[in-house]
Structures are given as C-alpha cells and as structure tokens.
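Before any comments, here is the structure.
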Amino acid sequence: MRVEDFDFELPEELIAQTPLLERTSSKLLIADYPANTFKHETFSSIVEELNEGDCLVLNDTKVMPARLMGTKEETGAHVEVLLLTQIEGNHWETLVKPAKRVKVGTKISFGDGLLTAVCTEIKDHGGRIFNFEYKGVFFEVLDQLGEMPLPPYIHEKLEDKDRYQTVYAKEQGSAAAPTAGLHFTEALLDEIRAKGVKIAFVTLHVGLGTFRPVSVDSIDDHEMHSEFYRVSSDTANTINEAKKAGGKIIAVGTTSTRTLETVATKFDGIIQEDSGWTSIFIYPGYEFKCIDGMITNFHLPKSTLVMLVSALSSREFILNGYQEAIERQYRFFSFGDAMFIKGRNY
C-alpha cells in the first residue's frame, strides 16, 4: 500500500487556527462503518452515542511548554529548541532550528543563563541530544521560559495556553497535545459517567512521531519513532471488566489507541499494567485487539494518523468521510472538529 493512497485535497481555510470558545461546541462526524453511514452532530451529543457499560479511554499526558528560544554563547546567534523526550536525567532529545548552527559541543543559553544546554549528540534524523544545566526544579524553569509548542500549520498566537491542554491533563511530558481530548469538559465527562460509561486513563507522551512526515513511497518502509506509555492496574482492570461484560472500548485519540493496542498485542489481547516505549505503526490490514471505536480529530493528508483511522474501518470509508467533512466546512487538525468512528467490530 502506498502513501499516495491516503492523499486528499484540503482547502487551506479549513485548517483551524484558533480553538472555539466552547470546547464541546465543535462539530462531530459520526462515522458508523458497519452501517456505512455518516451523521453530523455537535460534540456535546457524544453522550448519546455511548452506552452504559462502555469504557472511554483518555490520554492524561500534559503538554510541556517545550519550545525554548535561546542564543549560542559563542556567537549570540538565535536558536530555537523543541524538547521532545527526556532520555535520562537532564539529557533530552530535541529538534533544533536552524540545525546547521548546532554541532556537538555547542552551548546555548536561555533566559540570560537561567537555563543552559550543551549538545552532546546528533541523531540520524537530525535531532539533537542536549544536557541541560539549571538551578532549582527543571519544570519550574521550563514554565518560566518555555512556550507552548503549537504545530507548524497554526500561525495565530494562542491567547490562552490552557486551550492546548486537555482538562484532565496530569502527567507532564508531551511535546504536543492529544488533540482529540480537547473537546471534553469536566461537565461533559460527568454527564458521560452518569450514563454508566466507565472512564479510564492511559499515558502516552507525544514525541517526535507527531512532527515527522512520511518520507517514503511505500507504507511498509516507514518507521515510527518510539514514545513512552504507561497503563495502570486500575485502568487495565476497568477495560478488561468492560470488555468481558460486552461493553465497547472507545479510545479518545490515536495516542490512546496506540497505547492500548501496544499492550494488547504484548499480552495476547488482554490489557495489563505496563509501561515502556512503543513504535507501533497501525495501518489498513491491522487487526485490532482492544478498541472497538475511536474519537479523533481530522488529520493531515498522507499522515500515519490517517492510515491509523483507516485501519479501524477502511481507507475508502475514511476518505469518503473526510470529503463529506470538507464539503460541510468542518475545521481540521489540532483545533478542529471531531470524528467518532464505530469500527468494523462495533
């Protein structure tokens, strides 16, 4: 299967630049694959699509203010550093612009020396490993100096940085938001719980994979970057009990999906307490072992995320849904509208 098979034309004006005032007021395309139907609602109506006994699984990762603006100590040249993954201690994998200015041994200063970093390694994909030095608590320094790492297709300034954070964000460590979760409010989650739907949380820290385009022609040749995940025993028990009782498992976002499918693959279809690194790549032909449905935003053409959502139903079905969303002026990408996919086993 070729990457070109997942291409589509998207008018630039449909790329959402700012979040809506109300999280739950976004559009919701309900894509029912078994029934081969599409239905158009607002996101608040997701409650009506969930049933007692179902389990909704959300990613509780928290976005770091991971974009740092610094200067090279030798020349004063400006450098932008995006934190991706904490490797060990004060060593972080990063993306750097302009990368050609940063070689092994380059020292960068942020906030007039409040934070400094030395490049210790250059990765094959062009990323850099930095060792950071600072006084106090790293994440407190980062809160003071860092900016929210909005995707490159968003050109508007974000007035309220909490709008690029889910209301249930807890575990700090992501370089990007799990954007399907941005549509939920605490009130909506309470309404879902009141209906008898179980809510469970996993953690997957979104890293380099979010920023890497697919640069090969054949899907089989693409390699995913590893991202850290964690599933608690409480979450595992909640999901397994819901599944055993006949409830549907609905993942909120591709990150929750990849976490659950990683663990289910590892333990023969059962979810267990687990943590580690996943580079799972889900595309059509993949047999899902845990989830039945997914709530997701609309993704970039030819991206691994479009391939993942196509695997839950079919490429043709998803591209038909995308075309319908385009015709109805849905908003795309991180601050855009949502889709609820009822998969082939729903």
Query raised in the report: Do the conditions hold for Lys123, that is, is it at pLDDT below 95, more than 19 Å from Glu171 (Cα to Cα) and surrounded by fewer than 18 Cβ atoms within 10 Å (Cβ to Cβ)?
Result: yes
Query raised in the report: Identify, please: which residue in region 251-272 is small (Gly, Ala, Ser) and under 15 Å from the mean Cα position of the chain (by Cα) and is, among those, farthest from Asn240 (Cα to Cα)?
Result: Gly253
Report task. Find the residue count for region 98-118, including only residues that are of a type in the set (D, E, K, R), surrounded by 14 or more Cβ atoms within 10 Å (Cβ to Cβ) and not in a strand (DSSP E or B). Result -> 1
Query raised in the report: Out of (1) assigned to a strand (DSSP E or B); (2) crowded, with 23+ Cβ neighbours inside 10 Å, what's the single condition that is false for Trp277?
Result: (2)
Requested in this report: Could you tell me which numbered condition Ser226 fails, if it satisfies all but one of (1) closer than 17 Å to Lys198 by Cβ; (2) touching a helix residue (DSSP H, G or I) at 6+ places or on another chain (Cβ under 9 Å)?
Outcome: (1)
Query raised in the report: Looking at region 8-28, which of its residues are more than 24 Å from Asp162 (Cα to Cα) and open to solvent by less than 70 Å² (accessible area, probe 1.4 Å)?
Result: Phe8, Leu10, Pro11
Query raised in the report: Which one of the conditions (1) touching a strand residue (DSSP E or B) at 6+ places or on another chain (Cβ under 8 Å); (2) farther than 30 Å from Gly53 by Cα; (3) among the acidic types (Asp, Glu) does Glu159 fail to meet, given that it meets all the rest?
Result: (1)
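Rundown of residues vs (1) closer than 30 Å to Glu9 by Cβ; (2) among the acidic types (Asp, Glu); (3) modelled with pLDDT under 95; (4) surrounded by fewer than 17 Cβ atoms within 10 Å (Cβ to Cβ), yes/no style:
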position: Leu204; (1), (2), (3), (4): no, no, no, no
position: His225; (1), (2), (3), (4): yes, no, yes, no
position: Ala236; (1), (2), (3), (4): no, no, no, no
position: Thr257; (1), (2), (3), (4): yes, no, no, no
position: Ala264; (1), (2), (3), (4): no, no, no, no
position: Ile270; (1), (2), (3), (4): no, no, no, yes
position: Tyr286; (1), (2), (3), (4): yes, no, no, yes
position: Thr304; (1), (2), (3), (4): yes, no, yes, no
Report task. Those residues that are open to solvent by 10 Å² or more (accessible area, probe 1.4 Å), free of Cβ contacts under 8 Å to residues at least 60 places away in the same chain and in contact with a Phe, Trp or Tyr (Cβ under 7 Å, 6 or more places away or on another chain), I need them from region 48-90; list them, please. Result -> Asn90
Query raised in the report: Given Lys161, Lys157, Lys170, Lys198, which one is open to solvent by 50 Å² or more (accessible area, probe 1.4 Å), modelled with pLDDT of 90 or more and within 25 Å of Phe139 (Cβ to Cβ)?
Result: Lys170
**Report entry** Criterion: in contact (Cβ under 8 Å) with a residue 12 or more places away in the chain and over 24 Å from Phe184 (Cα atoms) - qualifying residue of Leu300, Leu308, Leu319, Leu260
**Finding:** Leu319
Requested in this report: Please indicate, with yes or no, whether at least one residue in region 29-37 is under 25 Å from Glu159 (Cα atoms) and surrounded by 20 or more Cβ atoms within 10 Å (Cβ to Cβ).
Outcome: no
Requested in this report: Return yes when Ile250 is assigned to a loop (DSSP other than H, G, I, E, B) and open to solvent by less than 10 Å² (accessible area, probe 1.4 Å) and no when it is not.
Outcome: no
Report task. Could you give me the residue pairs with C-beta distances under 7 Å whose first residue belongs to region 119-139 and is in contact (Cβ under 8 Å) with a residue 24 or more places away in the chain and within 14 Å of Gly105 (Cα to Cα), whose second residue is open to solvent by less than 50 Å² (accessible area, probe 1.4 Å) and part of a loop (DSSP other than H, G, I, E, B) wherever it lies, and which are 6+ apart or on separate chains? Result -> Arg128/Val102
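The values are calculated or read from the model by the stated rules, or taken from the named source; none is laboratory data. The structure displayed is predicted, hence computed values, not measured ones. Cβ coordinates were reconstructed from backbone atoms using ideal geometry, including for glycine residues, and neighbour counts include every protein chain displayed. SASA here: full protein model, heavy atoms, side chains in, ligands and nucleic acids out. Shrake-Rupley method; radii C 1.70, N 1.55, O 1.52, S 1.80 Å.
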